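Engineer: Got a structure here, written out as structure tokens. Questions coming.
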Amino acid sequence: MELGTVFECDIVPLAEVAAAFSGAGRGEVAQTPNEAGSDQRPQSNTPIIDDPEQQKETLLTKIDWSHTSLASTDLEHMKAFIASWHCLFALSDRELSSMEVIEHMINVGSHPPVKQPPRPLPFAMRTVVADMIQDYLDRGVIRPSKSP
């Protein structure tokens, strides 16, 4: 596998739930682990949990709730929402795989493809990124792109 190869992604990995909920600033919600202050791939030693109740409890304890600006009633609503939809969150990126339930297309009309050169990676990160891409390829989370 060569760096610079383009891949299509079936799903967007959410490797660390806590990173998505603890913002770069206190009480803010970040959209990605990078916005949460991480410039490296999140590492997780969290084992895959098959028991739904244990997964729910682990999920709720992994989130750092101490820095939220939510009112207590809103915080309880957020916890209840996450608990009721716990099966949609991954505690580890090893839990992620592809799904073929739906197909998604983006209609761009007659707009030509946007061409940009690959963004350069720091030399120290190339091995980490190559390992991550190979892991996602092996698990079927991503596949080589067929786009021009």
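The values are calculated or read from the model by the stated rules, or taken from the named source; none is laboratory data. These figures come from a predicted structure and were not determined experimentally. We place every Cβ from the backbone using ideal geometry, glycine too, and count neighbours over all the protein chains shown.
Engineer: For residue 141, work out the one condition from (1) modelled with pLDDT of 85 or more; (2) surrounded by 11 or more Cβ atoms within 10 Å (Cβ to Cβ); (3) of a type in the set (Val, Ile, Thr) it doesn't fulfil.
Structural biologist: Only one criterion is unmet by residue 141, namely (1).
Engineer: Quick check on my filter: what residues within the range 78-100 are surrounded by 14 or more Cβ atoms within 10 Å (Cβ to Cβ) and among the acidic types (Asp, Glu)?
Structural biologist: The answer is 93, 95.
Engineer: Go through the range 53-66 residue by residue and tally those that are surrounded by fewer than 14 Cβ atoms within 10 Å (Cβ to Cβ) and either over 20 Å from the mean Cα position of the chain (by Cα) or in a loop (DSSP other than H, G, I, E, B) (or both).
Structural biologist: So the count comes out to 4.
Engineer: From 68, 58, which residue is modelled with pLDDT of 50 or more, among the polar types (S, T, N, Q) and touching a helix residue (DSSP H, G or I) at 6+ places or on another chain (Cβ under 8 Å)? Show your work before the answer.
Structural biologist: Numbers: 58 fails: touching a helix residue (DSSP H, G or I) at 6+ places or on another chain (Cβ under 8 Å).
Of 68, 58, the one residue that is modelled with pLDDT of 50 or more, among the polar types (S, T, N, Q) and touching a helix residue (DSSP H, G or I) at 6+ places or on another chain (Cβ under 8 Å) is 68.
Engineer: I'm trying to understand the selection: among the residues of the range 88-131, which are among the small types (Gly, Ala, Ser) and assigned to a loop (DSSP other than H, G, I, E, B)? Step through it out loud before you land on a result.
Structural biologist: Start the filter on the range 88-131 by keeping residues that are among the small types (Gly, Ala, Ser), which leaves 90, 92, 97-98, 109-110, 124, 130.
Passing the criteria: 90, 92, 97, 98, 109, 110.
Engineer: For the structure I just gave you, tell me whether residue 75 is surrounded by 13 or more Cβ atoms within 10 Å (Cβ to Cβ) and either touching a Pro at 6+ places or on another chain (Cβ under 6 Å) or in contact (Cβ under 8 Å) with a residue 12 or more places away in the chain (or both). Show your work before the answer.
Structural biologist: Details: surrounded by 13 or more Cβ atoms within 10 Å (Cβ to Cβ): yes; either touching a Pro at 6+ places or on another chain (Cβ under 6 Å) or in contact (Cβ under 8 Å) with a residue 12 or more places away in the chain (or both): no.
Taking the combined requirement at face value, the residue does not satisfy it.
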